[in-house]
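Presented below is the structure to which this report refers.
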Amino acid sequence: MISRFRSISAFLMALSAVGSVSADIYRVIGKGNTIAPLRSSKIAMDAETVVVEPEKAFGGFHVTADFTMRNTSAEPITCDVAFPFESRGHATNARESFKVTLGEGAIATRVSPIELKVRDESVKQPRSPHDFAAALVWRVSWAAGETKLIRVSYDMGEPEHYGRFVDGWRLRYIVKTGALWKGPIGKADITIRLTEHPLFATDFTKSAGKRDVLDPPFSYPKNARRVSPTEVTWHFENWTPEEDIWLGVVTWVGFSFDHGWRNFIPTPAPYGGATEVYTDALLERILERELAPWRDSFPEQAQRDRPTLKALIAGWLYREIFARNGDSFSLGKKKAGEPAPAKTFVTDLDGNYWSWWHDKFPRANSSRGGWYHPGTGPGPNGTVRLSDLKGFERKNAEFLLHYFSP
């Protein structure tokens, strides 16, 4: 038994953290330090060659990408070209190693300055698939009809890691931004090598044939070739990207009340348990939200585990009602010679027994108006019973009990 419970948020941040992600260059427009994607009607991407491979010095991965860009018009063009990142932090971390050159061989020239620009969060409008939080931006000029080689290289860091109902990692290269240039990409060759990275190469090699693991462990299988057990290359012609290029090992873990912190389900905001009738349709909406990111990758598993997930969602909504009424989720206090209650998850330094739910709702205070005041319920040690609830909350709690057994 542990003496103090570490916040679930620490686990979620550690195991659901998104690694740095690389992407195709694209055109942007903006004022000052803000950016927005812009579709080009005159500049075409004739070819791209991308290599993602281990970066020996830091244990992460390095990207080298060549883009052959052609001005299809009869007039000179100058515009801002950008390399997008999914967060400002990723862009900031990559900036130190980020290099851009124009041309190749003896005539190659280093581009400077390369500016960090961010998305204008004050603009309240739907985001497109090409709209990123930040980008490293530089200016490029083409003469009429000119073809220019743009080379980008930088250290991208570690792969993305997952740790809820799927477990594993993916090394991902965003290609959707390539669709912003004129017409399809003429030709694309993309390679991801894990060979010299002992951790990810070994994991990737051993993933073959395992149950509930994505197979094949990479995107665009019709365009991919496994050069070796730890290297995959993709080839495309006249290509309009629809899915990112990725390689990795992702395992379906599923849903169970025994999975501890993996069971975290964000409940709807604002809280509606006291003002609206909970229905099966509400549970279905939350269920679909949770499954959406991985349903296409794991269709059989998602269908198989739907009932368990629905019960888990009902359990979260049920406990949230009690938390709103001050339940501390206490299981009593330690007594000499007596065993701990069966559902004890943690015992604190003062000998108090707490269930798994004790630490799950305080985090709501920072984002939802400070509504959780544990220990203020009318029962022993500030607990709340079903009979203590009134109105909608009582009816909703009784409805949710049909889906699970507490």
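Worth pointing out:
- Of all residues in segment 190-228 being in contact with a helix residue (DSSP H, G or I) (Cβ under 7 Å, 6 or more places away or on another chain) and open to solvent by less than 80 Å² (accessible area, probe 1.4 Å), the one that is nearest to Val63 (Cα to Cα): Leu194
- Selection of segment 271-292 for residues being open to solvent by 80 Å² or more (accessible area, probe 1.4 Å), modelled with pLDDT of 95 or more and assigned to a helix (DSSP H, G or I) yields only Arg285.
- Applying the set (1) open to solvent by less than 60 Å² (accessible area, probe 1.4 Å); (2) over 30 Å from Glu48 (Cα atoms) to Trp246 leaves exactly one unmet item: (2).
- Qualifying residue in segment 248-270 (condition: hydroxyl-bearing (Ser, Thr, Tyr), modelled with pLDDT of 90 or more and under 23 Å from the mean Cα position of the chain (by Cα)): yes
- When Arg88 is tested against (1) within 22 Å of Gly178 (Cβ to Cβ); (2) surrounded by 13 or more Cβ atoms within 10 Å (Cβ to Cβ), just one condition goes unmet, and that condition is (1).
- All positions within segment 62-100 that are farther than 26 Å from His197 by Cβ and of a type in the set (S, T, N, Q): Thr68, Asn71, Thr72, Ser73, Thr78
- Note on segment 64-135: enclosed strands (runs of 3 or more DSSP E) holding 2 or more residues that are at pLDDT 90 or above are 77-85, 99-102.
- Residue list for segment 356-372, filter: modelled with pLDDT of 75 or more and either open to solvent by 80 Å² or more (accessible area, probe 1.4 Å) or charged (D, E, K, R) (or both): Asp359, Lys360
- Boolean, Arg262 is among the charged types (D, E, K, R), assigned to a helix (DSSP H, G or I) and open to solvent by 20 Å² or more (accessible area, probe 1.4 Å): yes
- Residues that are open to solvent by 30 Å² or more (accessible area, probe 1.4 Å) and modelled with pLDDT of 90 or more, drawn from segment 293-305: Pro299, Glu300, Gln303, Arg304
- Test: residue in segment 293-316 that is touching a strand residue (DSSP E or B) at 6+ places or on another chain (Cβ under 7 Å), in contact (Cβ under 8 Å) with a residue 60 or more places away in the chain and part of a helix (DSSP H, G or I): yes
- Qualifying residue in segment 84-101 (condition: more than 27 Å from Asp120 (Cα to Cα) and more than 23 Å from the chain's Cα centre (by Cα)): yes
- Among the residues of segment 165-189, those that are within 28 Å of Ile265 (Cα to Cα) and open to solvent by 20 Å² or more (accessible area, probe 1.4 Å) comprise Asp167, Arg170, Arg172.
Results for (1) open to solvent by less than 20 Å² (accessible area, probe 1.4 Å); (2) part of a loop (DSSP other than H, G, I, E, B); (3) in contact with a Lys or Arg (Cβ under 8 Å, 6 or more places away or on another chain); (4) of a type in the set (Ser, Thr, Tyr), shown as yes or no for each residue.
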site: Pro374; (1), (2), (3), (4): no, yes, no, no
site: Val384; (1), (2), (3), (4): yes, yes, no, no
site: Ser387; (1), (2), (3), (4): no, no, no, yes
site: Arg394; (1), (2), (3), (4): no, no, no, no
site: Phe399; (1), (2), (3), (4): no, no, no, no
site: His402; (1), (2), (3), (4): no, yes, no, no
site: Ser405; (1), (2), (3), (4): no, yes, no, yes
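- The single condition among (1) of a type in the set (Gly, Ala, Ser); (2) crowded, with 19+ Cβ neighbours inside 10 Å; (3) at pLDDT 80 or above; (4) over 19 Å from Asp388 (Cα atoms) that Ala340 does not satisfy is (2).
The values are calculated or read from the model by the stated rules, or taken from the named source; none is laboratory data. This one's a predicted model, so the numbers in the text were calculated from it and none came from an experiment. Don't worry about glycine lacking a Cβ; one is built from the backbone with ideal geometry, like all the others, and counts go over all protein chains shown. Heavy atoms of the whole protein, side chains included, go into the accessibility calculation; ligands, DNA and RNA do not. Shrake-Rupley method; radii C 1.70, N 1.55, O 1.52, S 1.80 Å.
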